[in-house]
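Worksheet: one structure, shown below.
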Amino acid sequence: MKKLGYILFVGVIATICILPVAVMPWQTEKAVGNEQLASFPELRKEDGSFNTGILNEFSDYFADHFGLRHEMITLNDQLTGTVLKTLDSSSVLLGKDDWLFYKSTLADYTGAEPFTARQSYAAAHVLGLMQEYCEENGIGFCFTIAPNKNSLYSGQMPARYTAASVRNAQLLQQQMEQQNVRYVDLFKTLSDHEEQLYYRRDSHWNMRGAQLAAQTLLKELKGSEAEFDSCINGKTSPHTGDLYEMVYPAGNETEQDTAYDFTYQYDEKFHSADDITIHTENSAADGSIFVYRDSFGINLHPFLAQSYGNACFSRNMPYLLTAVTEEQPDVLLVELVERNLNWLLERAPEMPAPERTAVPAADTGTSAKSQRKDSRMEGTFCLTGDLSGQRVDDDSPIYILAETGTYEASPCGEGTQPFTAYLPQNVREQQLKAAFLSDGEWVFCALAD
C-alpha cells in the first residue's frame with residue numbers, strides 16, 4: 001500500500017507537469033489585460049542567419065502559452081486573495097470588500113512622485129499652448145481629468161497605504177488657474193455623489209459615473225443642463241472588469257451596469273468603442289465637438305455623441321492639433337486620466353510653434369543638445385532638445401531663436417528640461433538658439449545637433 005501511494009503521488013505530480021504541455025496544441029491563448037504575448041520563435045533571422053536567441057525566445061513563448069495558463073493564474077489569485085488578502089499580481093491591488101485597484105495609481109494616491117514646480121508649470125503651459133492654437137483657429141478648448149478610482153474611493157484601499165493631502169492633479173489645477181487654461185473639475189462632482197460611480201473590479205467609471213461626468217462637462221461646454229435619465233431603458237448590461245480579467249482570466253463574474261438607448265448614429269467605419277477614431281451624428285442635437293480621449297471615453301463618448309450634432313472621438317497620442325482644425329468643431333475637449341498626467345510632460349502636441357516677439361537675451365556661452373527630425377505636418381520639421389544643463393526658471397517659457405523669427409516651444413519631450421517645437425521648413429538649415437528666463441532675465445544658449 002505504501003508503494004502504491006508513492007506511485008499515485010508520482011503519477012499525480014507527473015500529470016500536473018505534463019498536462020500544460022499536452023493541451024497546448026488545442027488551446028488558443030489570449031492576452032491577460034494589456035500584456036503582449038511572445039510569438040513563436042523563428043529558426044532564422046530576416047537576413048537568413050541562425051537565430052542564436054531561439055532558446056530564450058522559446059522560453060518566453062512557452063511561459064505565455066502553456067496549457068491551462070488562465071486557469072492556473074485564476075486559482076493562484078483566488079487562493080492568495082482568500083487566504084493572504086493580497087494578490088500575486090504586479091498590476092492589480094486587492095482592496096477592501098474585494099475591490100480591485102490599478103497599482104500604477106499608487107504613486108498618485110500616496111504622493112510618492114509629486115510634480116516639481118517646473119513640471120506643474122510645464123504641463124499647464126502645454127495645455128495653454130494648445131488652447132491658444134485652438135482659439136486662433138476659431139475653436140474652443142477645454143481640459144478635464146478623469147480621477148483615479150482610489151482618489152474617489154480611498155475608503156476601499158488597504159489601510160497600509162496613506163492618501164496624500166496634495167496630488168499632481170491638484171498641483172496642475174493650481175497652475176491651470178494661474179495660466180487661464182479652461183478646465184472642468186470632475187473630482188468635486190464625482191466625490192460629492194453618494195451613488196457608486198466606478199466599477200468594483202474595473203479601473204474606470206461605470207455608465208452612471210460617465211453620465212454625471214458628461215453632464216458636468218456639458219454644463220460648461222454648452223451652458224445648459226443635459227438630461228439623460230430618459231435614455232435609461234430600465235435594463236442592465238453585464239460588465240467584466242479589466243482588473244478582474246487581469247487576475248482572474250478564467251473567471252466569469254460580471255457587474256451589472258445601467259443600460260441606455262441613444263439616438264445618435266456612428267459612421268460606416270465604426271467597429272467598436274475602442275476604435276482609434278470614431279465619428280457620430282445626431283440630427284436631434286446641435287453643435288460639434290472633437291474629443292481627445294483615453295479608455296475613460298469608452299463610457300463617456302455616448303453621452304457626448306448624444307448631445308452634439310457631429311462629434312469626433314480620437315485616441316491618437318500625441319495630440320495632432322491640425323487634425324482638429326481639419327474637422328473645425330466648435331470645441332476641442334481633452335480628457336486624460338489622472339494616472340497619465342505625466343504624458344503632458346512627455347508627449348508634445350503636434351502643432352505649429354506659435355510666433356513670438358523677439359526678446360533681448362544675453363548669451364550664456366553654452367550649448368544644449370537638440371535634434372531636427374521630419375514631421376508629419378506639411379511644411380514643418382520637429383526640433384527637440386533638453387536644457388538640463390541650464391538654469392531655467394520654474395515658470396519660464398522656452399523660445400527658439402532663428403535667424404528669421406522667434407517661436408515658442410512646448411516645454412515637454414524627453415529629458416529633465418525638454419522642449420519640442422514644430423518649426424517652418426525654411427528655418428531648418430538656420431542656426432538655432434534656445435532662449436529662457438534664468439533668475440528673471442532672458443538668456444540664450446546655442447543648440448548643437
ask   = Name the residues in the stretch 242-278 that are under 23 Å from the mean Cα position of the chain (by Cα), surrounded by fewer than 15 Cβ atoms within 10 Å (Cβ to Cβ) and over 27 Å from Val92 (Cβ atoms), would you?
value = Phe270, His271, Thr277
query = For Thr380, all conditions in the list (1) hydroxyl-bearing (Ser, Thr, Tyr); (2) touching a helix residue (DSSP H, G or I) at 6+ places or on another chain (Cβ under 9 Å); (3) at pLDDT below 95 hold save one; what is the number of the exception?
reply = (3)
query = Which one is most open to solvent (accessible area, probe 1.4 Å), of the residues in the stretch 185-220 that are out of contact with any strand residue (DSSP E or B) (no Cβ under 7 Å at 6 or more places or on another chain) and of a type in the set (Gly, Ala, Ser)?
reply = Ser191
task = Hey, could you check the stretch 383-395 for residues that are out of contact with any helix residue (DSSP H, G or I) (no Cβ under 8 Å at 6 or more places or on another chain) and in a loop (DSSP other than H, G, I, E, B) and say which is modelled with the lowest pLDDT?
result = Gly389
inquiry  = Which condition from (1) in contact with a helix residue (DSSP H, G or I) (Cβ under 8 Å, 6 or more places away or on another chain); (2) open to solvent by less than 20 Å² (accessible area, probe 1.4 Å); (3) within 22 Å of Gln417 (Cβ to Cβ) is the one that Ser314 breaks?
reply    = (3)
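Assess whether Asn282 counts as being polar (S, T, N, Q), at pLDDT below 95 and either touching a strand residue (DSSP E or B) at 6+ places or on another chain (Cβ under 8 Å) or within 30 Å of Asp88 (Cβ to Cβ) (or both). I'd like the intermediate steps shown before the answer.
Numbers: polar (S, T, N, Q): yes; at pLDDT below 95: no; either touching a strand residue (DSSP E or B) at 6+ places or on another chain (Cβ under 8 Å) or within 30 Å of Asp88 (Cβ to Cβ) (or both): yes.
So Asn282 fails the test.
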key: Conditions (1) under 17 Å from His301 (Cβ atoms); (2) buried (at least 21 other Cβ atoms within 10 Å of the Cβ); number of the one not met by Arg167   = (1)
request  = For the stretch 401-442, name all the residues that are closer than 24 Å to Gln178 by Cα, open to solvent by less than 40 Å² (accessible area, probe 1.4 Å) and in a strand (DSSP E or B).
outcome  = Tyr407, Glu408, Ala409, Ser410, Pro418, Phe419, Thr420, Ala421, Ala435, Phe436, Leu437, Ser438
request  = For the stretch 319-341, name all the residues that are within 17 Å of Phe141 (Cα to Cα) and in contact with a Ser or Thr (Cβ under 9 Å, 6 or more places away or on another chain).
outcome  = Leu320, Ala323, Val324, Glu327, Gln328, Pro329, Asp330, Val331, Leu333, Val334, Glu335, Leu336
task = Under 6 Å between Cβ atoms, at least 6 apart or on separate chains: pull out the pairs that start in the stretch 435-449 with a residue that is farther than 15 Å from Leu383 by Cβ and end on any residue that is surrounded by fewer than 14 Cβ atoms within 10 Å (Cβ to Cβ) and hydrophobic (A, V, I, L, M, F, W, C).
result = Val443/Ala362
query = For the stretch 144-210, which fully contained helices (runs of 4 or more DSSP H) count at least 1 residues that are closer than 21 Å to Lys96 by Cα?
reply = 149-152, 186-191
message = Of the residues Gly223, Gly234, only one is on the phi > 0 side of the Ramachandran plot, outside any strand (DSSP E or B) and surrounded by fewer than 18 Cβ atoms within 10 Å (Cβ to Cβ); which?
response = Gly223
message = I'd like to check something: does the stretch 291-304 contain any residue that is out of contact with any Gly (no Cβ under 9 Å at 6 or more places or on another chain), assigned to a helix (DSSP H, G or I) and either open to solvent by 20 Å² or more (accessible area, probe 1.4 Å) or among the aromatic types (Phe, Trp, Tyr) (or both)?
response = yes
ask   = Which of (1) surrounded by 13 or more Cβ atoms within 10 Å (Cβ to Cβ); (2) farther than 19 Å from His125 by Cβ is the odd one out, the single condition Ala448 does not satisfy?
value = (1)
Residue in the stretch 345-368 that is most open to solvent (accessible area, probe 1.4 Å), counting only those that are under 20 Å from Gly128 (Cα atoms) and not in a loop (DSSP other than H, G, I, E, B) = Glu355
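Listed here are the residues, each with its yes/no results for (1) over 25 Å from Tyr264 (Cα atoms); (2) of a type in the set (Val, Ile, Thr); (3) touching a strand residue (DSSP E or B) at 6+ places or on another chain (Cβ under 6 Å).
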| position | (1), (2), (3) |
| --- | --- |
| Ser288 | no, no, yes |
| Arg293 | no, no, yes |
| Cys312 | no, no, yes |
| Thr322 | yes, yes, no |
| Thr325 | no, yes, no |
| Pro329 | no, no, yes |
| Glu338 | yes, no, yes |
| Trp343 | yes, no, no |
| Ala361 | yes, no, yes |
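The values are calculated or read from the model by the stated rules, or taken from the named source; none is laboratory data. Here the structure is a predicted model, which means the values were calculated and not measured. Ideal geometry is used to build each Cβ from the backbone, glycine not excepted, and the neighbour counts take in all protein chains shown. To get the accessible areas, we keep the full protein, side chains included, count just its heavy atoms, and leave off ligands, DNA and RNA. Shrake-Rupley method; radii C 1.70, N 1.55, O 1.52, S 1.80 Å.
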